[in-house]
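Written out below as structure tokens is the structure these notes cover.
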Amino acid sequence: MIKKKLLAIQSRQKSYTDSVKRRPLTFNVGDHVFLKVSPWNDVQRFRRKGKLAHRYIGPFEILERVGEVAYQLALPPTLSNVHDVLHVSMLRRYVLDPSHVLDHDTVPVQDDLSYEELPVRILDRKMQILRNRTISMVKVQWQFHRPDEATWEREEDIRERFPHLF
């Protein structure tokens, strides 16, 4: 009896899984894609995740499909230290909206496809009141980002890491 119920549950779970049918992205030779890069969380974002965590550079042309889930890209000489065959998870289909893209020539990309996020200026200040203390916050505009992408950060963290802003 327990085996019958277990088989019924397994069958139900299999039907749920089969109905989703997740397949990796597929691209054609000649398509253009963006390459995912991420800032150093430890240095830039103070171990927090946020809207500045992921960005893309490119677009780059796909030269060849290598296996089921890897593609060879036509990377420029400035990215010669990056291997040109990348997993599909590192790629994003090209959508024509240049405001979402960092130009790979202006952004210094490291070997591990990360870049350093630096603050440009402080746009605003506010005091965040908690139950028994008050925290001073500053709104920071980051390099390579528009002013509407500015984030609120703790003033003491910014003052410690970037004293030239004060």
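The values are calculated or read from the model by the stated rules, or taken from the named source; none is laboratory data. Just so you know, these numbers come straight off a predicted model, no measurement behind them. Cβ atoms come from the backbone with ideal geometry, glycine included; neighbour counts cover every protein chain shown.
General observations
- Residue in region 70-83 that is touching a strand residue (DSSP E or B) at 6+ places or on another chain (Cβ under 9 Å), of a type in the set (Phe, Trp, Tyr) and at pLDDT below 85 present: no
- Members of region 142-156 found to be over 12 Å from Ile122 (Cα atoms) and either in contact with a Pro (Cβ under 9 Å, 6 or more places away or on another chain) or free of Cβ contacts under 8 Å to residues at least 12 places away in the same chain (or both), listed by number: Asp148
- Some residue of region 43-64 being modelled with pLDDT of 85 or more and surrounded by fewer than 13 Cβ atoms within 10 Å (Cβ to Cβ): yes
- Extreme residue, surrounded by the fewest Cβ atoms within 10 Å (Cβ to Cβ), among residues of region 133-166 that are part of a strand (DSSP E or B) and aliphatic (A, V, I, L, M): Ile135
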